[in-house]
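Working notes for the structure below.
The values are calculated or read from the model by the stated rules, or taken from the named source; none is laboratory data. From a predicted model like this one, the values you see are computed outputs, not experimental measurements. With ideal geometry, Cβ positions are generated from the backbone for all residues, glycine too; neighbour counts draw on all protein chains shown. Ligands, DNA and RNA are excluded from the accessible area calculation, which covers all protein heavy atoms including side chains. Shrake-Rupley method; radii C 1.70, N 1.55, O 1.52, S 1.80 Å.
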Amino acid sequence: MKSLSKLSQRTWWIVGGVLVVIAALLPLLNISIPGVLPGATYTPGTLQLLALALLFASLALSYHLLFGTAGMLSFGHALYFALGAYGLGIVLHETELTLLPALGLTLAIVITAAYLLGSLSLRVTGISFAMVTLAFAQAGNVLVRRNPGITGGEEGLRLDTEHIPDFFIGVVNTRNLYWLALALLVVVFVVVAWFENSRAGHAVTATRENELRVRVLGLRPFGVKLMAFVIASVLASLVGMVHLLLQSGTTPRATSADFTLTILVIVVLGGVGSRWGAIVGGIIYTLLDQRLTALASSDAIDGLPAILRIPLSEPLFILGTLFILVVLFLPGGIAGAVQRLSTGTSLAPQKRQRLEEAE
Amino acid sequence: MSNQPVLTVEHLALTIGGAVIIDDVSLSIAQGEMLGVIGPNGAGKTTLFNLISGVMTPTGGVVTLEGRDVTNQSIDARARAGLGRTFQTSSLFPALSALENVRLAAQVKLGGATSVIHFPRAHDKATTIARARLDEVGLSHHSETEAGVLSHGDKRKLEIAMLLATDPSVILLDEPMAGVASGDVAGLTEVIRQVHQSGRTVLMVEHHMDVVLGLVDRVAVMHHGQLLACDTPDAVMADEAVQKAYLGAPL
Amino acid sequence: MTEIVTESILSVAGLSASIAGQQVVEDVSFEMLPVGVTALLGRNGVGKTSTLRAIMGLIERSGEVTIAGQRVDREPTHRIVQRGVGYVPEDREVFSSLTVAENLRLAERDSSPNRQLIHELFPDLTDRAGQLAGTLSGGQQQMVSLARALVNDNRVLLVDEPTKGLAPLIVMDVAKALERAAQTVPVLLVEQNLQVVRMLAEKAIVLEGGRVVYDGSAEELLSNEALTKELLGVA
Amino acid sequence: VDSGSGGDDLAPVDVSVITSQTGPLAAYGEAYLAGFDAGLDYATDGTGTVDGRELNITITDDAGDADKAVTAAKDVIGQGQKIIVGTVSSGIALALAEQAEQNKVLYISGPAAADGITGVNDYTFRSGRQSFQDVATAGTFIGDPAGKSVLVFAQDTAFGQGNVAAATAVLGGQGADVTSLLVPEDATEFTPFAQQIVDAQPDLVFVAWAGATSGAMWEALSQQGVFDSVPVATGLGDVSTYGAYGAASDQISFLNHYFGGATDNDANAAMVSYLEAEGKQADLFSPDGFVAAQMVVQAVREGGDDVDAMIAALEGWTFDSVKGSITVRAEDHAMIQPMFQVSLVADGDSWIPELVTAVDADAVTPPVAE
Amino acid sequence: MSTIILLLITGLGLGALYFLVASGLSLIYGLMGVLNFAHGSFLTLGAFAGWELARRMDGSSWGTLIASLVLGMAVGAFVAAATEFLLIRRLYNRHIEQVLVTVGLALASVALFEGIWGTDAIYVTAPEWLSQTTEILGARVPNDRFLMIGAAVLVLLGIVAFLRYTRFGLIIRAGVENRSMVTALGIDVRKAFTVVFAIGGAAAGLGGVLASHYFGYVSPQLGGSLLIFAFIVTVIGGLGSLAGAAIASVVVAVLQQFANYFWGGTGDLMVVLLLAVVLLVRPTGILGKKA
Ligand SMILES: Nc1ncnc2c1ncn2[C@@H]1O[C@H](COP(=O)(O)OP(=O)(O)OP(=O)(O)O)[C@@H](O)[C@H]1O
Ligand SMILES: Nc1ncnc2c1ncn2[C@@H]1O[C@H](COP(=O)(O)OP(=O)(O)OP(=O)(O)O)[C@@H](O)[C@H]1O
Ligand SMILES: [Mg+2]
Ligand SMILES: [Mg+2]
């Protein structure tokens, strides 16, 4: 937790605002970063990649609220992303609703589900909580794969474009989707920041630190925890919905435990407990994930001797190794490293502590 | 000091896996009274506090707070009903600053601690109260320090500051002086005395006999989970059984 | 075992330590008495505990720590302990998920542990051998913590507030046990209970802000009211 | 600048191949890509050009992840490319088909077998076979299906359920009584299910199975004596799976899309020798790549840069390929092609396939998708 | 009747497999608090090592099988010890980060295996007897199930003996709770951690070779596919309780068998449901200690 005196807060918000404006202008600019982006910033391929990165940043932010702020280690966050994506996809398929009402209906479903499942899972804490959330997500995964009639099974669900406004359809409109993803990121950020800074946010942080103490003070931890859980879930489902639009469909990978682990990896990469870290982590992860595949199949790698070629031609190997190195040598992730560079201090002890307590 | 009992326990009992921890304890504490609880280590003093505050559930008996049966109420419900306590082993929010620790407590008292539309401010009422409480226990200079890195004695003081900030009407203090520097004992004793004199009911477990004897109206002596005696300090100190079980030969 | 020890078994020179980048012990130097109790005193937060932890190698430190003539300040904690150091930490630090018996068994370093002594000192622990240490009362945990140090034959004992939270009766017992131990083994004692200090300590070191501000006879310190007022804040 | 002029016609044509090179289906992807190279070589007579225009092929790895595939597709479509080819996973193929329709580009899917790809939209074609054709081939093992009982033993996935649906439509339509036994995809113990098959005593068991668990599944069927009492048919997979059938290998009737020695014609000879020169082996999905390359060449040759013209050129096109003469059905872009009945024979320590008979394309034509 | 027998015995066999995977996981998790996501990779590596050996020797003799089991254990132990030494040790007391390192390791190692051995399943051969069946009360029970059950019992006994007759268990339980205090008692806790990791790894390696015979193949995904069940079993049984894991393995596997057979293949759903119910009713698991 930052302490009360937040003199630099305003500066941060201004920097953030400027970054958002720059990001919003990207589709109108012609900037190339060879090796990082597939093409100039106005091209659909690049915008698609950037939009994906923004979505992962939003998703990581929602998980940050759950894990970093409230200290709830969930292995089932993917479920709510999937509920958003599949929910909206199925509603659009099965009903005659247009996009906005369908979105509303899906949201209502997600809120109900998050509330019910959250109330159940929050009866346990620590690793048991992680396992119960994993169990629910796993059930979701099984249901999705077993019912191809509704969900498409392992082939995934295609977006029914009939009721989708035209400006979201087709490669030429990728930038509209990019702007949508950017807007979502801003919304998620504001909601998360708002909640964290509110009294409820402080209460939930205190609950993370010492639940018994919170109760002895006269607060019901369950309420604030559930609130954080539902907010994080709803935000994740919103990301899922935009992801459905962006990808024109969704696949069962969205429901898998692997996917939750991916989000966890992102948050750790960025730095647990840091909003900016979650965003940076989401963007860097997506770029790495998408671009390493390109690197792996490049000619440069092909020419290497087997002992180098085999590992380097596996993107996940590089990503996994990188991740290990970050955890080992960059405690506090990217955000922590930046903070240390800028202030010259070593890692604040509470950051580590928090990781331990969450166990 | 009126004679209206504000807190009573009747036939309180706790057994864990066959071990009798609390054995048929009945006590009645009057409004505004200050009760010392003493007894050998493991006598069940902390457990008694745990049962009263709801941290543990008794296997028998009734706890009444201001005339209402709270035996089956949750910890937080009892806290909202005006019961406050400290812990024998300091229990804090280690990653929050000392001020934030206390401010949260003050916030609960003021209401709206879980509001999502209100934000803590540097000069709001809760913060003002929190600063005052920290000052009272002599921790002002540590208000921005993370609670987790405070020294042992300072954590004890922070516990008390948090308790005061919730402004409870009934206070349970579990060994407030343990680990407090001998030079600070007098000051802290004074804080407790003032809290008591402002009309609050106080129960205090403490092994520092001079502190206990100087403050309390009555002393309850526990031994092997039972209430051995409950009387004025003088009478209790004169009791041979108490001397044998608890005090030993005076130093 | 009545060899006459004349040289200090533990001495500290220019010891500094920091926690999370913050200096909490600054250039502390002292020698322990060859036998008997040396008290380490001071108000809350002055660095008493940190000094002990620095000697033990539990926090980052610099400076010289010598045990029986050998520098140990570069050794890992378990080596230092194996040289015959008994340590009673401030917060008891019993292993709460282990039983009392397991806690003690873990602490036994040599082949002939002093189980008898423990039994005499804390009969309560013998009764509770199978109980999880986490469920013990505060005072009982303190007993376990003390017992873990006393169960071995040590060459020096570092004891951090051993009587905290103990009933007066047991405070006496512990004080006597320490007194007995101190006849053969020097003891470095951090203690807030001045009665206990008065009874046991011959030498006293007082810290303030991580520095030594008094190093001398315990009796002189405690009988000088002005000095105690100034250094310890006791009226 | 001067579009439409003669110089423009000689501009290279971009073709984007998106398929798995890493990830769980990497091996299929590799076979497909090798077949594609061979097909390109064959269809362009080794020039790599069509009417003087160079085919500029880029290959992108989707790593079995639909996100990556869609991103890659949007990237190339955004660059103005008109032809996308490939992928081995049905889910990704459907995602790419969707992109093709939204953006009006030509898409020729790879080995992905889902029936749903056929007729999904005007822009999507397929180069391989579909589940209907597998099932229909299985039906040829029992002669006239009318009055026979067929049990489909499959995994409870879209693939498995698709096979059940296909069997019901194809064999059920011919009068067979089709029932199914679906096993959870993650199940690891198949003995009880083998018991259920024995108890059911159908005239034919059609096994639709994918993935690594097949070895354990076949062993369970052997152990419980399924082969002693019921005829079993299944699709023969790629070379790496020949060892999966264990003791049951020579008791199973295999239907097959393609294996190295299935056919004897020019295209096949060309493909096999091309692959051999590359140090590779002709395998199950080699023809899919080969056919895809032929279709690309046809589309470019007849359609130039105009997607609608490409589609027109492909619809109803009949041509000779590795599996013989095959036709792109105009109505729904189903690929009408012959299939094979095969048996495994022991060859030292391992098993090799042997052609029993080729099944005529007409005999296994899928119903027209609506 | 014979169906029920078959379901029960094969359920027991499957439970044995789950336990073989879960034992090492539970040991490491119970003692060290590290939820080891790389456990599956230890398992896979053990299986590949066993197969590499077997294909160089006479593929289907008993001697080969035993040799490959031993090699699998050795490789598992070595890799696990190396993991502890190089990665886990640096992060002591930071459980979440330890878990994350194992997640990274799992990702990287599976990818590496795919690079080395390809993505296809490689089919393994075993002594003839293992693929035959034995008739029990009319049920034809595959023989390899007996091998699984026997091995699981041996592993259970072995680990229990290790914990009971050595000080390692004690040191590590204490070390996880408060590492610096253990060193302050004069104990080198690092060595103990490495030893326990190695034992967990050996169990994984053994489980890997056996699993490859159970499934009839090795593939890079082999370990990962079993890991989730191992987690579930570990948690249902009670964290750190080996006996609990053993009981839970059997319960989970038998439930799965029956649900798959009688309730339309709902085996995994039932298991997941069981996990949720157990945790909500008894958060510490069947034999877990009360917190
Ligand atoms: N699970 C258990 N099994 C057996 N005995 C238990 C259990 N839990 C607690 N006890 C015992 O109950 C008694 C009550 O301890 P409590 O903490 O109330 O003592 P206390 O009076 O506060 O002592 P202290 O002055 O040392 O803090 C202790 O003797 C403790 O050992
Ligand atoms: N983890 C930590 N990080 C930063 N500062 C710390 C940490 N632990 C202790 N300190 C600081 O070090 C100083 C010395 O603490 P120490 O515990 O040694 O004091 P002490 O003399 O033992 O006090 P007490 O009598 O209260 O036990 C205190 O100011 C404390 O705030
Ligand atoms: Mg107590
Ligand atoms: Mg201290």
Output for the range D:176-197, where each listed residue is surrounded by fewer than 20 Cβ atoms within 10 Å (Cβ to Cβ), modelled with pLDDT of 90 or more and over 21 Å from D:GLY237 (Cβ atoms): D:ASP177, D:THR179
Residues located in the range A:258-303, provided they are among the hydrophobic types (A, V, I, L, M, F, W, C), under 30 Å from A:ILE164 (Cα atoms) and more than 13 Å from the chain's Cα centre (by Cα): A:LEU287
Set B:GLY61, B:GLY18: member being without any contact (Cβ under 8 Å) to a residue 24 or more places away in the chain and either of a type in the set (Gly, Ala, Ser) or within 16 Å of ligand 1 (Cβ to nearest atom) (or both): B:GLY18
Number of the condition not met by C:MET143 [criteria: (1) open to solvent by less than 40 Å² (accessible area, probe 1.4 Å); (2) more than 16 Å from ligand 2 (Cβ to nearest atom); (3) part of a loop (DSSP other than H, G, I, E, B)]: (3)
Sole exception among (1) more than 16 Å from ligand 2 (Cβ to nearest atom); (2) assigned to a loop (DSSP other than H, G, I, E, B); (3) open to solvent by less than 30 Å² (accessible area, probe 1.4 Å) for C:GLU90, by number: (1)
Leading residue by the ranking (nearest to E:SER41 (Cα to Cα)) among those in the range E:1-24 that are open to solvent by 10 Å² or more (accessible area, probe 1.4 Å) and of a type in the set (Val, Ile, Thr): E:ILE9
Residue in the range D:56-70 that is in a loop (DSSP other than H, G, I, E, B) and open to solvent by 30 Å² or more (accessible area, probe 1.4 Å) present: yes
Among (1) touching a residue at least 24 places away in the same chain (Cβ under 8 Å); (2) within 30 Å of D:LYS74 (Cβ to Cβ) - the single one A:VAL204 does not satisfy: (2)
Residue check for C:THR126: outside any strand (DSSP E or B) and within 21 Å of C:VAL185 (Cβ to Cβ): no
Exclusive hit being surrounded by fewer than 24 Cβ atoms within 10 Å (Cβ to Cβ) and either at pLDDT below 85 or more than 9 Å from every other protein chain (Cβ to nearest Cβ) (or both), set E:ALA204, E:ALA248, E:ALA198: E:ALA198
Residue within the range D:254-261 that is open to solvent by 10 Å² or more (accessible area, probe 1.4 Å), among the small types (Gly, Ala, Ser) and closer than 18 Å to D:SER350 by Cβ present: yes
Odd one out for E:THR125, checked against (1) in a helix (DSSP H, G or I); (2) in contact (Cβ under 8 Å) with a residue 60 or more places away in the chain; (3) crowded, with 20+ Cβ neighbours inside 10 Å: (1)
Residue list for the range C:26-53, restricted to those being more than 10 Å from ligand 4 (Cβ to nearest atom), in contact with a Gly (Cβ under 8 Å, 6 or more places away or on another chain) and closer than 19 Å to B:LYS155 by Cα: C:ARG43
Selection status of A:PHE222, among the aromatic types (Phe, Trp, Tyr), away from chain B (no Cβ under 14 Å) and in a helix (DSSP H, G or I): no
Sole exception among (1) away from ligand 4 (no atom under 16 Å from the Cβ); (2) among the β-branched types (Val, Ile, Thr); (3) touching a Pro at 6+ places or on another chain (Cβ under 7 Å) for C:VAL88, by number: (1)
The range B:49-74 - residue that is part of a helix (DSSP H, G or I) and more than 9 Å from ligand 3 (Cβ to nearest atom) and, of those, farthest from the other protein chains (Cβ to nearest Cβ): B:LEU51
Sole residue being within 14 Å of chain D (Cβ to nearest Cβ) and of a type in the set (Lys, Arg), chosen from A:ARG146, A:ARG208, A:ARG123: A:ARG146
Options D:ALA313, D:ALA269, D:ALA282, D:ALA293: the member that is out of contact with any Gly (no Cβ under 6 Å at 6 or more places or on another chain) and open to solvent by less than 70 Å² (accessible area, probe 1.4 Å): D:ALA269
Filter result for the condition that a residue is surrounded by fewer than 19 Cβ atoms within 10 Å (Cβ to Cβ), more than 12 Å from chain B (Cβ to nearest Cβ) and either more than 15 Å from the chain's Cα centre (by Cα) or not polar (S, T, N, Q) (or both), over C:ARG198, C:ARG180: C:ARG180
Check on D:THR22, assigned to a strand (DSSP E or B), of a type in the set (S, T, N, Q), within 11 Å of chain A (Cβ to nearest Cβ) and touching a strand residue (DSSP E or B) at 6+ places or on another chain (Cβ under 9 Å): no
Filter pass, C:ALA175 being buried (at least 22 other Cβ atoms within 10 Å of the Cβ) and more than 16 Å from ligand 4 (Cβ to nearest atom): yes
Among the candidates B:ARG200, B:ARG193, residue that is touching a residue at least 60 places away in the same chain (Cβ under 8 Å) and either away from ligand 1 (no atom under 16 Å from the Cβ) or open to solvent by 60 Å² or more (accessible area, probe 1.4 Å) (or both): B:ARG200
Single condition C:LEU166 does not satisfy, out of (1) more than 23 Å from E:GLY186 (Cβ to Cβ); (2) within 8 Å of another protein chain (Cβ to nearest Cβ); (3) open to solvent by 10 Å² or more (accessible area, probe 1.4 Å): (3)
Selection from the range C:141-165 of residues that are more than 16 Å from ligand 4 (Cβ to nearest atom) and either modelled with pLDDT under 85 or of a type in the set (D, E, K, R) (or both): C:ARG148, C:ASP153, C:ARG155
Meets criteria (buried (at least 21 other Cβ atoms within 10 Å of the Cβ) and under 26 Å from A:LEU117 (Cβ atoms)) for E:THR234: yes
Lone unmet requirement of (1) closer than 22 Å to E:ARG55 by Cα; (2) in contact with a strand residue (DSSP E or B) (Cβ under 7 Å, 6 or more places away or on another chain) for E:THR133: (1)
Close pairs (7 angstrom Cβ cut-off, 6 or more residues apart or separate chains): away from ligand 3 (no atom under 14 Å from the Cβ) in the range C:130-145, assigned to a helix (DSSP H, G or I) and open to solvent by 10 Å² or more (accessible area, probe 1.4 Å) anywhere: C:GLY130/C:ALA101; C:ALA133/C:GLN141
Residue under evaluation B:MET177, criteria (1) away from ligand 2 (no atom under 16 Å from the Cβ); (2) in a loop (DSSP other than H, G, I, E, B); (3) under 30 Å from B:VAL9 (Cα atoms), criterion not met: (1)
Condition check for B:ILE117: buried (at least 22 other Cβ atoms within 10 Å of the Cβ) and not in a helix (DSSP H, G or I): no
